[in-house]
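Have a look at the structure below, then the notes.
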Amino acid sequence: MRAYIKGISYYVPNYVLDNEELNNLFPEWSSDKISNKTGIYERRIAGKEEFASDMAIKAAEILFEEYQIDRNQIDFILLCTQSPDYFLPTTACILQHKLNIPTSAGALDFNLGCSGYIYGLSLAKGLISAGIAKNVLLITSETYSKFINDKDKGNRTLFGDAAAATLITAAEGICEIGEFVLGTDGSGAENLIVKNGAIRNKNAVGCNLEMEGEPFRNDDNLYMNGGEIFNFTARSVPEMIEKMLLKTNLNLDGIDLFIFHQANEFMLNFIRKKIGIPQDKFFLFLKNYGNTVSSTIPIAMKEAITSGAIKCNNTVLLAGFGVGYSWGSNILRFK
C-alpha cells in the first residue's frame, strides 16, 4: 500500500530572540557576525511554561483546521522529541487525550533529533504499508532552548523552538512518500549530548567549563562539539545522497529540489558545493527560526510549497543529519 503526505503545518512560540539581543548579551559577537556566520537573524523561544506537548497540540490544531482533517480518522500518533514532558508517560499518549483523538489510535514517542522527520516518515509509511494504520499524525516538537546554558553563546545563536504536524495517509495526498536511506553511528554520541539528568547520570551536578578554543560546556546542559559535528556532516551527507541516487536510479538533474536539515547556512552551503547541487535547487529557510532540530525539514517543506518552490510533478529529496549520530534521506514525488 502506498503512503502520501496530506498536509503540513507548524507552530512557533511568540518570543523572538534576535541577533541584536544576543549581541547585547555577548558584545564580542556583533549581530552581523552572527547572521553572516549562521544565516540566522532570529529564533523563537518557548515560554517558561510552554513545553513540547503544548507546541505539538498547537501545530496539530493548525493542521486540522488548515486541511479540514477529521481527527476521528487518525489511527496512529508519532511524536518525535528529545524534550518530552516527562520520562514517562509517553507524551504521545497525552497528545491523544488533549487532541481528542480516538482511544483506538496507537501512539508512541521516538527520541531523535535532526534526522527525526525522515525517520518519522519511514515509520508512518511502514505502518500504512503494513495495513496497521490509514492516517498517521506525525508531530515533531522540540524545546532545545530549555537545555541550553545562558552563557553558551554558540548554541544560543543556532537553536530555536518549534513544532510541526504532518498527516500521512493511505489516501491520495500532495505527494507520495518514496524511498529511504538511513544510517547510524553511535560512536559520535558524546559530541552532541545532554549528559546529566537521565538515569545514567541522574544525580550528577555539572559546572560551567569555559576553556579557550573549546565549546562552552556544562554537563547539565546541551553540549555540541561543532567541529566534530561539521566533520561528521561533511563525511556522511554526501555519501548518503550518493546512496539515494543509486538506489533510485536518479542523478542530481533528476531532483527538482533538495531540502536539507536547516542546521546553519555555512555548513549547508559547504555540503551543497561538495555534492555539486546547484544553488537554485537548494532550499534554505532558517533566517527567521534558526535550527529547530526535527522541525526544520517540515517547516522548510511547508514554506517551499507555499512559495511555489515546489511545483506539480516535482521530485524532492529530503536529508536529515545530526545528534546520534543519525542520518536519513527520503524521496518525495509531488502530484
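Given (1) surrounded by 20 or more Cβ atoms within 10 Å (Cβ to Cβ); (2) under 30 Å from residue 25 (Cα atoms), where does residue 154 come up short, assuming only one miss?
(1) is the only condition that residue 154 fails.
Could you tell me whether residue 159 is farther than 27 Å from residue 305 by Cβ and aromatic (Phe, Trp, Tyr)? Walk me through how you get there before you give the answer.
Numbers: farther than 27 Å from residue 305 by Cβ: no; aromatic (Phe, Trp, Tyr): yes.
Here the answer is no, as residue 159 does not meet what is asked.
Please determine whether any residue of the range 75-96 is in a loop (DSSP other than H, G, I, E, B), charged (D, E, K, R), touching a Phe, Trp or Tyr at 6+ places or on another chain (Cβ under 7 Å) and under 16 Å from residue 163 (Cα atoms).
Checking the range 75-96: at least one residue is in a loop (DSSP other than H, G, I, E, B), charged (D, E, K, R), touching a Phe, Trp or Tyr at 6+ places or on another chain (Cβ under 7 Å) and under 16 Å from residue 163 (Cα atoms).
Only one of 190, 176 is surrounded by fewer than 17 Cβ atoms within 10 Å (Cβ to Cβ) and in a strand (DSSP E or B). Can you tell me which? Steps first, please.
Values: 190 fails: in a strand (DSSP E or B).
None of the others qualify; the one that does is 176.
Looking at (1) assigned to a loop (DSSP other than H, G, I, E, B); (2) under 21 Å from residue 224 (Cα atoms); (3) over 20 Å from the mean Cα position of the chain (by Cα), can you tell me which one residue 113 breaks?
Single failed check for residue 113: (3).
Filter the range 9-60 for residues that are part of a strand (DSSP E or B) and open to solvent by 10 Å² or more (accessible area, probe 1.4 Å); which is farthest from residue 79 (Cα to Cα)?
The first filter runs over the range 9-60 and keeps only residues part of a strand (DSSP E or B), leaving 9-11, 15-18, 42-45.
Those left that are additionally open to solvent by 10 Å² or more (accessible area, probe 1.4 Å): 10-11, 15-16, 18, 42, 44-45.
Details: 10: 14, 11: 15, 15: 24, 16: 25, 18: 28, 42: 26, 44: 20, 45: 20 Å.
Per the stated criteria, the residue is 18.
Do we have any residue at all in the range 299-308 that's at pLDDT 95 or above and in contact with a helix residue (DSSP H, G or I) (Cβ under 8 Å, 6 or more places away or on another chain)?
no
So which residues in the range 80-111 are in contact with a Gly (Cβ under 9 Å, 6 or more places away or on another chain), in contact (Cβ under 8 Å) with a residue 60 or more places away in the chain and among the hydrophobic types (A, V, I, L, M, F, W, C)?
Across the range 80-111, the qualifying residue is only 80.
The rows are residues; the columns are (1) at pLDDT 95 or above; (2) under 14 Å from residue 143 (Cα atoms); (3) in contact with a strand residue (DSSP E or B) (Cβ under 6 Å, 6 or more places away or on another chain).
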| position | (1), (2), (3) |
| --- | --- |
| 76 | yes, no, yes |
| 79 | yes, yes, yes |
| 93 | yes, no, yes |
| 96 | yes, no, yes |
| 100 | yes, no, no |
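Could you check the range 7-38 and list, in sequence order, the residues that are touching a strand residue (DSSP E or B) at 6+ places or on another chain (Cβ under 6 Å) and among the aliphatic types (A, V, I, L, M)?
Of all residues in the range 7-38, those touching a strand residue (DSSP E or B) at 6+ places or on another chain (Cβ under 6 Å) come to 7-13, 15-18.
Scanning the range 7-38 gives 8, 12, 16, 17.
With farther than 30 Å from residue 269 by Cα and open to solvent by less than 10 Å² (accessible area, probe 1.4 Å) as the only criterion, which of 91, 81, 103 stands out? If you could, list the steps in order and put the result at the bottom.
Values: 81 fails: farther than 30 Å from residue 269 by Cα; 103 fails: open to solvent by less than 10 Å² (accessible area, probe 1.4 Å).
On inspection, the qualifying residue turns out to be 91.
The values are calculated or read from the model by the stated rules, or taken from the named source; none is laboratory data. Note that the structure is a prediction, hence the values are computed from the model and not measured. Every residue, glycine among them, receives a Cβ derived from its backbone with ideal geometry; neighbour counts consider all protein chains shown. Quick note on the areas: whole protein, heavy atoms, side chains included, nothing else; ligands and nucleic acids left out. Shrake-Rupley method; radii C 1.70, N 1.55, O 1.52, S 1.80 Å.
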